[in-house]
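First the structure, in the form of structure tokens, and then the observations on it.
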Amino acid sequence: MNGFLKDFFESLGDFYFLFVNILKSFRKIYKNRRLILGEMFEIINESLGIFVLASLFVGMVSAYQTAYQARNFLPIIYIPTLITQSVILEIGPLISGIGFSGKVSTQISAEISSMKISDQIDALELMSIDPVEYLVMPKVIATMFIIPFLTLICEFSIVFGAFLISITILGISPNEFVIGVKRNFQFYQLYGGLFKSIVFGMFTTTTACFFGLKAKLGARSVGKATTSSVTVCSILVIVLDYILTRILFLW
């Protein structure tokens, strides 16, 4: 137990110092703009299709489940309202955060840990190139710019999936669905969800880079770093979701 606590607090301290170094390297954003743009395009290419497909089916399931749960006490025309509110406030940012943890963060962790065990990061340091500024910061900045866009795509795909089920199975007309989507919609709720996604992206990318940089020698450490990254990132997204929901919408 004492060994576990010691390792935990040591890792927490190392993560804190990495996070501070990332924040300090933000002043070099313009200098590394080409790296940031490259990371942004890579994230889009790797994740956009998966996000759209998964979100589409989440919307379909949400329409079915909402109609089933509300069938005895709520008119069916309120289903679009319930789905839209839940998507904007919760489902959209959470799906994008967890999906990002499972797809992009694992790739980042595997990439950096592979560089670590092959001494490429040591080579950067020998050339007086800061690995945090050159490798980590562009990934974090790219994520913070791209993940709100991915979240909007997720939210649109979820609502569109619910729209397809509503007009084909549940008997809701397109006009009724649009009216239901607009009912009780407020823009500040959308901004809150996008802010959540930015925080999710920043911390999950930092966590993935942290585990990649902590990798030791051997191919097995790459798998361990990747597994640890996706596990911690997924839990971190859920914890941050609770904290941000409490701050943004309940206080």
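Some points to look at:
- Kirkwood Rh and Cα Rg combined as Rg over Rh, evaluated for region 97-139: 1.06
- 16 Å Cα-Cα reach of Lys24 towards lysines, excluding residues that sit fewer than 8 places from it in its own chain: Lys139
- The value of relative contact order for the chain, using C-alpha pairs under 8 Å at least six residues apart, is 33 percent.
- Per-residue HN-Hα couplings for region 91-100 [Karplus 6.51, -1.76, 1.60; θ = phi - 60°; Hz; x = Gly/Pro]: 5, x, x, 5, 4, 5, x, 5, x, 5
- Cα-based equivalent ellipsoid of region 114-167: semi-axis lengths in Å, sorted from largest, via gyration tensor: 42, 12, 4
- Treating each Cα of region 1-124 as one equal point scatterer and applying the Debye formula with no solvent, the log10 of I(q)/I(0) at q = 0.14, 0.19 Å⁻¹ comes out as -0.90, -1.18.
- In the chain, the convex hull through the Cα atoms has an average projected area of 16.5 nm², a quarter of its surface area.
- Exposure proxy order (Cβ contacts within 10 Å, fewest to most) of Leu126, Leu135, Leu23, Leu152: Leu126, Leu23, Leu152, Leu135
- Whole-Å distance, taken between Cα centres, linking region 47-103 and region 169-222: 12
- Where the Cα pairs of region 105-251 fall when distances are cut into 5 Å bins, in %: 2, 9, 14, 15, 14, 12, 10, 8, 6, 4, 3, 2, 1, 0
- In plain terms, the residue of Ser118, Ser221, Ser55, Ser47 with the fewest other Cβ atoms within 10 Å comes first and the most crowded comes last, giving Ser118, Ser221, Ser47, Ser55.
- Fewest-first sequence of Ile141, Ile50, Ile158, Ile44 by Cβ atoms within 10 Å of each Cβ: Ile50, Ile44, Ile141, Ile158
- When the convex hull of its Cα atoms is projected in every direction, mean area for region 67-117 (nm²): 4.5
The numbers here are math on the coordinates, done by the rules we state, and not lab data. Note that the structure is predicted; figures quoted are calculated from it, not measured. Positions of Cβ are generated from backbone atoms using ideal geometry, with glycine treated the same way; all protein chains shown enter the neighbour counts.
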